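Trainee: First the structure, then my questions, so here it is.
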Amino acid sequence: MTWLDKLQNIDSRVIYWAIFITLMIPLIWPMGVPLSITDTTKVVFDLVEKLQPGDVVLMSLDYTPLVAPEVHSSAIALCKHLFGKDVKVIFYSYIEEGTMFGENIISELTGKYGLVYGTDVVNLGFVSGQAAGVRALGDDVLSTKPRDFRGNVTADLPIMQGVKTAKDFDLVLGIGDGLAVLTQQIGAVHGVTVSGSSTAAGVSGMMPYVNSGQVKGLLQGLRGGAEYEKLTDNPGYAIASMDAQSLGHLAIILFIVIGNVAYFMKRKQMTR
Amino acid sequence: MGTIAVLSGILYRDNIFSSAVEHIFVGSSSGYFVYIAIKTLADIAFRPIAQDGKLILLVPVLLGVMLYSRYVKRIAWMSRWGTSFLVGVGSGLAIFASIKSQLIAQVNATMVPLKTINNVIMLVAVLSILAYFFFTFKRKGTAFSSLSYAARLMMMLTFGVSFGNVVMGRISLLLGVLQKLLGDWLGII
């Protein structure tokens, strides 16, 4: 086996270790790579800035623990911004695992912002039925979720007073891969402003909605969370990861270049 | 410990610890899903029927139970009623969403003034890719064949962008694991 063949057939564990070490180094010794703010993140920030104390926001936490490292930081950054402005937040999820992230956020931020459950924040829990469930929630919130995640009667909660349909929300935010469903079943039906955060893999699918104005702005993956943390001056996990993210991308590019150079050199060798 | 066990399976080789953690993960996830399913049924069906007297909810409960009749050959025909209802509602929602959100709004967004290079590229990409999927007549020797080549280039660029985004996402997930290991566990960062 020539060295070209070896380059094209590198053991995958070598690549895993190389990526692992490449990502660890900037986490332990940060480099301070500058972070620019994209237009789509600025739009989301401006939307939240325009909200007034007492406004009610619906936040859909549609992500699993598998992709939580990517978008949970965006959810936290958005919630910090919202609670800092005394905006009320109603969580729900149409993915089973998403409901526990609502509880995580509430327990993490209650002490810092003095939140009162039921008055400032509520976790409606899991809405079954995928798109049908989301549509039903938009049409009649109280009937679709008669009880919240903790078993309270939703109609009796102070935060739910005046909230009947999606039109009663001042902003609807989708976090994770459910933003498209939210746009189609709530944004398109009720005409409410929809925004949020998407996983990096879902950004390509969401950009047509952003470009057509159906979704106002978008936090794109972990970078979107880092940009939002920078804009709101609330540094967290996402900003701390940006150096490592940049270096990781460089490592992937290097491997792709090595693989392609080896491929074309091998092909040239064989044609001689 | 679970994270390290799974990483050992990737960075070294499959072993009993990584397999054990994978099985524990699948089992605990399944248990959580069962809990959520029972809680959801209790909240939206059983409690309203038993405590609030909303007997009309017995109809969707019955349709849902009928879905399981497919396991008994003699009464398997009953599952078609529940399935039909689900398909009908799903189709209705999908048609509305597709036409308004994915067709009309997107076509509207394509009608932009051709004053910037971005708008020109977008229009050429949309028209060429639409022409690429036009199979009514042979394209060879017509203007469609040149458009097909442009369409393939545009699609390859798009798939490249998608791939890049997926790579970015996967790196982010590994970063989350490293943050937990180095930060929360070892306290190095």
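Every number here is computed from the coordinates shown, using simple stated rules; none is lab data. Computed from a predicted structure; not experimentally measured. As a convention, Cβ positions derive from the backbone with ideal geometry for all residues, glycine included, and neighbour counts pool all protein chains shown.
Trainee: Starting from the Cα-Cα distance between B:Leu67 and B:Thr136, subtract it from 0.36 nm times their residue separation and give me the gain in nm to one decimal. Intermediate values should be presented prior to the final figure.
Mentor: Working: separation 69, 0.36 × 69 = 24.84 nm, distance 4.11 nm.
Answer, rounded to one decimal: 20.7 nm.
Trainee: Beyond 36 Å, how much of the Cα-Cα pair distribution for the protein assembly as shown remains, as a whole percent? List each step's numbers first, then the result.
Mentor: Details: 42741 of 106030 pairs.
Percent of Cα pairs beyond 36 Å in the protein assembly as shown: 40.
Trainee: Next question, about the same structure. Hand me the trypsin sites (Lys or Arg not before Pro) from the stretch B:100-189 located in a DSSP loop with no more than 12 other Cβ atoms within 10 Å, in residue order please.
Mentor: Values: sites: B:Lys100, B:Lys115, B:Lys138, B:Arg139, B:Lys140, B:Arg152, B:Arg170, B:Lys180; in loops: B:Lys115, B:Lys138, B:Arg139, B:Lys140.
When the trypsin sites (Lys or Arg not before Pro) of the stretch B:100-189 are filtered for loop state and at most 12 Cβ neighbours within 10 Å, B:Lys115, B:Lys138, B:Lys140 remain.
Trainee: Something else now. Under the Karplus relation 6.51 cos²θ - 1.76 cosθ + 1.60, θ = phi - 60°, what is the ordered set of whole-Hz ³J(HN,Hα) values for the stretch A:181-188, x standing for Gly and Pro?
Mentor: 5, 4, 5, 6, 9, 10, x, 6
Trainee: Pick from A:Ala201, A:Ala238, A:Ala226 the residue whose mean-square fluctuation is largest in a GNM of chain A, springs joining Cα atoms under 10 Å.
Mentor: A:Ala201
Trainee: May I pose another question? If you take the Cα Rg of chain B and divide it by 2.2 N^0.38 Å, with N the number of residues, what do you get? Please list the in-between numbers first.
Mentor: On the way: Rg = 26.6 Å, N = 189, 2.2 N^0.38 = 16.1 Å.
Cα Rg divided by the expected 2.2 N^0.38 Å: 1.65.
Trainee: Pull out the extension gain between B:Asn15 and B:Ile56, defined as 0.36 nm times the separation in residues minus the alpha carbon to alpha carbon distance; nm, one decimal.
Mentor: Numbers: separation 41, 0.36 × 41 = 14.76 nm, distance 5.34 nm.
This chain segment gains 9.4 nm when fully extended.
Trainee: Amide H to amide H under 5 Å from A:Gly196: which residues, 5+ apart in sequence or cross-chain, H placed 1.01 Å off N in plane?
Mentor: A:Gly174, A:Leu219
Trainee: What is the angle, in °, between the Cα long axis of helix A:200-211 and the longest principal axis of the Cα atoms in chain A? Nearest 10 is fine, range 0 to 90.
Mentor: Once rounded, the angle reads 60 degrees.
Trainee: Another one. Can you list residues from other chains, or at least 5 along the same chain, whose modelled amide H is less than 5 Å from the amide H of A:Tyr63?
Mentor: Sorted by chain and number, the residues that satisfy this are A:Gly98.
Trainee: Here is a follow-up. Among A:Asn104, A:Asn123, A:Asn260, which one shows the biggest mean-square fluctuation in a GNM of chain A, springs joining Cα atoms closer than 10 Å?
Mentor: Among A:Asn104, A:Asn123, A:Asn260, the largest mean-square fluctuation in the Gaussian network model of chain A belongs to A:Asn260.
Trainee: Still on this structure, please answer the following. What's the magnitude of the charge dipole for the stretch A:68-142 around its Cα centre, counting Lys and Arg as +1 and Asp and Glu as -1 at the beta-carbon? Answer in Debye, nearest 20.
Mentor: Working: 5 positive and 9 negative charges, 54 e Å.
Using only the charged Cβ atoms, the result is roughly 260 debye.
Trainee: Calculate the spin-label point distance for B:Trp185 paired with A:Ser143, positioning each point 7 Å from the Cα along the beta-carbon direction, and give it in nanometres.
Mentor: 4.9
Trainee: Could you pull the Rg and Dmax for the stretch A:170-272, using just the Cα atoms, both in Å?
Mentor: Cα-based Rg and Dmax for the stretch A:170-272 come out at 19.6, 68 Å.
Trainee: While we're on this one: Kindly write out, for the stretch A:61-67 in residue order, the coupling ³J(HN,Hα) from the Karplus curve 6.51 cos²θ - 1.76 cosθ + 1.60 (θ = phi - 60°), rounded to whole Hz, with x marking Gly and Pro.
Mentor: Karplus values, whole Hz, x for Gly and Pro: 9, 9, 9, 9, x, 4, 10.
Trainee: Moving to a separate point now. First measure r as the distance between the Cβ atoms of A:Asn104 and A:Gln161, then evaluate 1/(1 + (r/R0)^6) with R0 = 35 Å and state the FRET efficiency to the nearest 0.05.
Mentor: Details: r = 26 Å, r/R0 = 0.74.
After rounding, the FRET efficiency stands at 0.85.
Trainee: May I ask you to work out the translational diffusion coefficient for chain A at 10 °C, viscosity 1.306 mPa s, via Stokes-Einstein with Rh from the Kirkwood sum over Cα pairs, reported in whole µm²/s?
Mentor: On the way: Rh = 20.2 Å.
The calculation lands on 79 µm²/s.
Trainee: To make sure I understand, if each residue's beta carbon is the centre and we count other beta carbons within 10 Å, what order do A:Thr119, B:Thr40, A:Thr199 fall in, fewest to most? Walk me through the numbers before you get to the answer.
Mentor: Numbers: A:Thr119 12, B:Thr40 17, A:Thr199 29.
Ascending Cβ contact count within 10 Å gives the list A:Thr119, B:Thr40, A:Thr199.
Trainee: Only Lys, Arg, Asp and Glu count, each charged at its Cβ (+1, +1, -1, -1), so figure out the dipole size of chain B about its Cα centre, rounded to 20 debye. It would help to have the intermediate numbers written out before the result.
Mentor: Working: 16 positive and 5 negative charges, 166 e Å.
The dipole of chain B has a size of about 800 debye.
Trainee: Show the residues, 5+ positions off or on another chain, whose built amide H is closer than 5 Å to the amide H of B:Lys54.
Mentor: B:Ile49
Trainee: If you don't mind, another one. Taking 35 Å as R0, compute the FRET efficiency from the Cβ-Cβ separation of A:Asn9 and B:Thr158 and round it to 0.05.
Mentor: Numbers: r = 29 Å, r/R0 = 0.84.
It comes to 0.75.
Trainee: Further question on the same structure: Between B:Val107 and A:Gln130, what is the FRET efficiency for a Förster distance of 45 Å, r being their Cβ-Cβ separation, to the nearest 0.05? Walk me through the numbers before you get to the answer.
Mentor: Working: r = 26 Å, r/R0 = 0.58.
FRET efficiency, B:Val107 to A:Gln130: 0.95.
Trainee: Sticking with this one: Which ³J(HN,Hα) values, rounded to whole Hz and listed in residue order, are derived for the stretch B:171-178 from phi using the Karplus coefficients 6.51, -1.76 and 1.60 in 6.51 cos²θ - 1.76 cosθ + 1.60 with θ = phi - 60°, glycine and proline given as x?
Mentor: Once rounded to whole Hz, the list reads 4, 4, 5, 5, 4, x, 5, 5.
Trainee: In the stretch B:86-167, which chymotrypsin sites (Phe, Trp or Tyr not before Pro) fall in coil by DSSP and have 15 or fewer other Cβ atoms within 10 Å?
Mentor: Values: sites: B:Phe96, B:Tyr132, B:Phe133, B:Phe134, B:Phe135, B:Phe137, B:Phe144, B:Tyr149, B:Phe159, B:Phe163; in loops: B:Phe133, B:Phe134, B:Phe135, B:Phe137.
Answer in residue order: B:Phe133, B:Phe134, B:Phe135, B:Phe137.
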